[in-house]
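What follows is calculated from the coordinates using simple rules that are stated; it is not laboratory data. Keep in mind that what you see is a predicted model, and the values were worked out from it rather than measured. Virtual Cβ from ideal backbone geometry, glycine too; neighbours counted across all protein chains shown.
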Amino acid sequence: MTEIFKYNPPELSVDILYHDPNIIVVNKPSGLLSVPGKGELLKDCLISRLQKVFPDALLVHRLDLETSGVMLFALTPYAQRHLGLQFEKRQVKKTYIANVWGDVANKMGEIEAPIVVDWPNRPRQKICWETGKSAFTKWRVLKKNKLSTRVRLMPTTGRSHQLRVHMLSIGHVILGDKLYAKGEALEASERLQLHAESIKIRHPEGGKGIVFKSRSPF
């Protein structure tokens with residue numbers, strides 16, 4: 001089993017980007033769990049902090065511990081169901097920004113590779129063509145640096161660690177990824193260089209399309 005890292009959540013107030021009677025959109029910081037883990041030491045998380053301000057806040061989706069960016073919550077059971085169905089039917093449009101190791105040769109591409117938990121090394125995930133669940137990611141190069149490439153990632157599925165595993169699978173691990181990166185790629189950043197840049201949904205009240213964005217901190 002992969003070593004469990006010491007949990008040191010950032011001491012920041014919840015950064016609320018938008019709220020109305022149905023939904024709340026926040027800017028999740030890197031290093032904070034979306035939901036509580038097992039045990040008292042992993043109790044502090046984004047939803048518990050948010051519920052101190054909005055007691056009725058309900059979970060809709062999650063971001064990994066070290067991923068930052070746009071995260072959506074519901075304020076009513078109806079809104080939660082409405083948004084949950086959008087995720088289930090893959091109607092939600094999401095974009096991420098990442099800095100990955102190496103020179104990505106092409107300008108854009110697609111990755112279609114099934115993902116499953118790597119049980120002996122959990123919480124790591126792995127690509128498995130026999131038992132994995134379908135996963136699909138589009139990517140586009142934004143700019144190149146000396147040792148890394150900045151990309152925009154557009155997943156149409158939401159598998160655990162999908163973007164991290166998919167970029168690793170094409171030889172370009174995300175910088176600072178403590179689970180998947182090694183050597184210089186790991187040492188290149190103190191945090192995972194992955195940020196949820198935008199999310200587009202149909203609003204639970206009326207169905208109008210709406211986009212929420214958060215500028216990448218790196």
Handout entry: Compactness of region 93-144, expressed as Rg and Dmax over alpha-carbon positions, Å
Key = 13.5, 36
Practice task
Would you work out the charge dipole size for the chain about its Cα centre, treating the Cβ of every Lys and Arg as +1 and the Cβ of every Asp and Glu as -1, and quote it to the nearest 20 debye?
Solution key: 600
Practice task
Only Cα pairs under 8 Å and at least 6 apart count here; give the relative contact order of region 79-211 as a rounded whole percent.
Solution key: 30
Practice task
Extending each Cα 7 Å along its Cβ direction at residue 52 and residue 38, get the distance between those two points in nm, one decimal.
Solution key: 2.7
Completion exercise
Going fewest to most other Cβ atoms within 10 Å around each Cβ, 167, 108, 154 line up as 108, 154, 167
Problem - Residue order, fewest to most surrounding Cβ atoms within 10 angstrom, among 7, 96, 18 - result: 18, 7, 96
Completion exercise
In whole Hz, the Karplus estimates of ³J(HN,Hα) for region 109-118 (6.51, -1.76, 1.60; θ = phi - 60°; x where Gly or Pro) are x, 9, 10, 10, 8, x, 10, 9, 5, 8
Handout entry: Charge tally in the Cβ shell below 10 Å around residue 116, where Lys, Arg are +1 and Asp, Glu are -1, residue 116 excluded
Key = +1
Exercise for the section: Mind jotting down the distance between the C-alpha centroids of region 195-218 and region 73-139, whole Å? Expected result: 17
Exercise for the section: For region 3-94, state which GluC sites (Glu not before Pro) are in a DSSP loop and have at most 14 other beta carbons lying within 10 Å of their beta carbon. Expected result: 3, 11
Practice task
For every helix of n ≥ 4 consecutive DSSP H residues, a contribution of -39,500 (n - 2.57) applies; sum these over the chain, divide by its total residues, and give [θ] at 222 nm rounded to the nearest 500 deg cm²/dmol.
Solution key: -4000 deg cm²/dmol
Practice task
Compute log10 of I(q)/I(0) for region 16-213 with the Debye formula, placing one identical point scatterer on every Cα and leaving out solvent, at q = 0.14, 0.18 Å⁻¹, to two decimals.
Solution key: -0.85, -1.32
Completion exercise
By Cβ neighbour count within 10 Å, fewest first, 64, 177, 20 rank 20, 64, 177
Exercise for the section: Quickly work out the residue 182-to-residue 16 label distance, labels modelled 7 Å from Cα along the C-beta direction, and quote it in nm with one decimal. Expected result: 4.6
Exercise for the section: May I ask you to derive the FRET efficiency for residue 108 and residue 145 from their Cβ-Cβ distance with R0 = 25 Å, giving the value to the nearest 0.05? Expected result: 0.85
Exercise for the section: Sorted from largest down, give the three principal axis spans of the alpha carbons of region 1-105, whole angstrom values. Expected result: 43, 41, 27
Handout entry: trypsin sites (Lys or Arg not before Pro) within region 161-199: DSSP coil, no more than 12 neighbouring Cβ in 10 Å
Key = 182
Practice task
Between 193, 162, 51, find the one with the highest GNM mean-square fluctuation for the chain; connect C-alpha pairs within less than 10 Å.
Solution key: 51
Exercise for the section: Tell me the label-point distance for the pair residue 127, residue 215, using the 7 Å Cα-to-Cβ offset, in nm and rounded to one decimal. Expected result: 3.5
Fill in the blank from the handout: As a percent rounded to 5, the proportion of antiparallel DSSP bridges among beta bridges in the chain is 95
Problem - Relative contact order (%) - region 1-143, alpha-carbon pairs under 8 angstrom, separation at least six - result: 19
